[in-house]
Amino acid sequence: MFYGWRIVSGVFIAQLFIIGFMTYSFGLFMVPLQEEFGASRAQVNLGMTAVTVAGLILSPVIGSLVDRMSIRVLMTAGAIIFAAGLYGMSLSQSIWHFVVIFGISVSFGSLLLGPLTGSTTVSRWFSKKRGQALGIAAVGTSVGGLLLPVVIGDWIAEAGWRNALLYLSYVVMLFVLPLMILVIRSHPSELGMYPDGAETNDSNESAVPAIDLKAILRHPAYWTIGLSIGLIFSVYSALMANLVPYAEDTGITLEAASLLMGVIAGFGLAGKIIFGMAADKISLRLGLWIAIVLILVGLGILLLEPSYALTVVACAVIGLASGGMLPVWGAMLAVVFGVASYGKVMGLMNPLITLLVMPSFVITGYIHDLTGSYSNAFWLYCGLLVVSALILFRLKMPASSAAASN
């Protein structure tokens, strides 16, 4: 078996734990922390705010390091920082201790173990099968979302929130850390190999020279891809944050509404594999356009305030589309910018995307407060998705990759 698939497995596991904890399990600690420290929800949520702000600053720096340093060293450091942070959080004596430790450890952990390092590494090891490999690696985030909340929830119920963090720190230190050390390698050349396990290096992207940060910012594709992906992510993120209250507004019970998140996660897992494999065979722009159309279809159904069964269908369609975002985006960056600058490009693009995502939550809440409904917000989402699709017309893919990616 080609060693690149071991790289995929290592990235899969890394993203399972860091994204599974940060994105899907943080809410489990909300009430226990409030009860322990007498904190408000706003104070607890400062932890996620700290991660977001730190990401804006650190992402370009870490992205540059990814292109210059050993990714095994970076991901190993990420596992150590993450495990140490979990251990430190379990010893917190105040909400501010928790917020500071969470903000530092999870911001570094998410950048050093998440898609920034993971997608860069996988893209170096694969060319013809890059989309499929990126899709499988990204499934780790979905599996983390399905698995970790259940495990951590049981630990909290049986042993308390402090022990839950302690147990998770042990798992990261004893399982994730050795995996990063033993499995992760930055380039196929380190083991005398070529991308995809080929006998010769026939990948055009390896010949694309590295470019500096100023050149990236001047590159039209940076803004085209960043704005398009950023608008898609802003719509998806705001929709996920408001899906349960939307469902409750339409008369769906809280329990039934919560299941809708599971539907999206499950179909998102399938979407990552499907879109990942398709990305190796069809135009990458077409893949992103298909994802946009699927989200528009899902929003169209939700605008009708339909029955629960149709709401499930809408969530399934949106979940399928969500699976295409990460692998298609990752493949686009490799094709347009080459693998030599992949880390810098993604690291510099993350703040642009974050700045587009952040206002979407407040705007959605404001529209709902003003109108008492999510309909106008959903129409706004549709408009933003159309703009995203139109922006993609400006994207010029390299002629050498036209057959496979344009």
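Values quoted throughout were computed directly from the atomic coordinates according to the rules given, and no laboratory measurement underlies them. All values reported here derive from a predicted model rather than from experimental measurement. Every residue, glycine as well, gets a Cβ built from its backbone with ideal geometry; the counts of neighbours run over all protein chains shown.
Listed values, structure above:
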item: Fewest-first ranking of Asp369, Asp249, Asp212, using other Cβ atoms within 10 Å as the exposure measure; result: Asp369, Asp212, Asp249
item: Order of Glu35, Glu305 - criterion: other Cβ atoms within 10 Å of each residue's Cβ, fewest first; result: Glu35, Glu305
item: The chain: DSSP helices with Cα axial extent of at least 18 Å and average Kyte-Doolittle hydropathy no lower than 0.5; result: 4-22, 41-68, 71-90, 95-113, 130-159, 220-249, 254-278, 284-303, 308-337, 342-371, 375-391
item: Simple spin-label estimate for Leu182 and Val150 in nanometres, 7 Å along Cα-Cβ; result: 2.6 nm
item: Over the range 209-399: Rg over Rh, Cα atoms, Kirkwood Rh; result: 1.00
item: Contour minus Cα-Cα distance for Asp249 and Ala157 (0.36 nm per residue); result: 30.1 nm
item: Compactness index (Cα Rg / 2.2 N^0.38 Å), the range 4-187; result: 1.01
item: Label selected from (1) 65, 65, 43; (2) 93, 74, 46; (3) 59, 48, 38, the criterion being Cα extents along the principal axes in Å as computed here; result: (3)
item: Estimated inter-spin distance, Trp96 and Lys396, nm [label 7 Å along Cα→Cβ]; result: 5.4 nm
item: Fewest-first ranking of Thr253, Thr224, using other Cβ atoms within 10 Å as the exposure measure; result: Thr253, Thr224
item: Theoretical gain in end-to-end length, Ala309 to Ser189 [0.36 nm per residue, Cα-Cα removed]; result: 38.1 nm
item: Length-normalised contact order of the chain in % [C-alpha pairs under 8 Å, at least 6 apart]; result: 25 percent
item: Rounded if a/c under 1.5, otherwise prolate or oblate - the range 246-301, Cα gyration tensor axes; result: oblate
item: Count of lysine pairs in the chain with Cα separation under 23 Å (8 or more residues apart, or interchain); result: 13
item: Size of charge dipole - the range 4-187 - debye, nearest 20, with Cβ of Lys, Arg +1 and Asp, Glu -1, no other charges; result: 900 debye
item: Sum of side-chain charges, Asp67 neighbourhood, beta-carbon under 13 Å (Lys, Arg +1; Asp, Glu -1); result: +2
item: Listed residues Val244, Val362, Val106, most fluctuating in the chain (Gaussian network, C-alpha, under 10 Å); result: Val362
item: Summed side-chain charge close to Arg6 - residues other than Arg6 whose Cβ falls under 13 Å, Lys, Arg +1, Asp, Glu -1; result: +1
item: Full-stretch length increase - Trp379, Thr52 - with 0.36 nm per residue and alpha-carbon distance subtracted; result: 115.0 nm
item: Inter-centroid distance (Cα atoms) of the range 332-363 relative to the range 365-399, Å; result: 18 Å
item: Ranked packing of 39-52, 289-302, most packed first, by mean Cβ within 10 Å; result: 289-302, 39-52
item: Helix-only CD estimate at 222 nm, as mean residue ellipticity for the chain, using -39500 (n - 2.57) per DSSP H run (n ≥ 4); result: -26500 deg cm²/dmol
item: Spatial extent of the range 153-281: Rg and Dmax, with the Cα atoms as the point set, Å; result: 22.1, 60
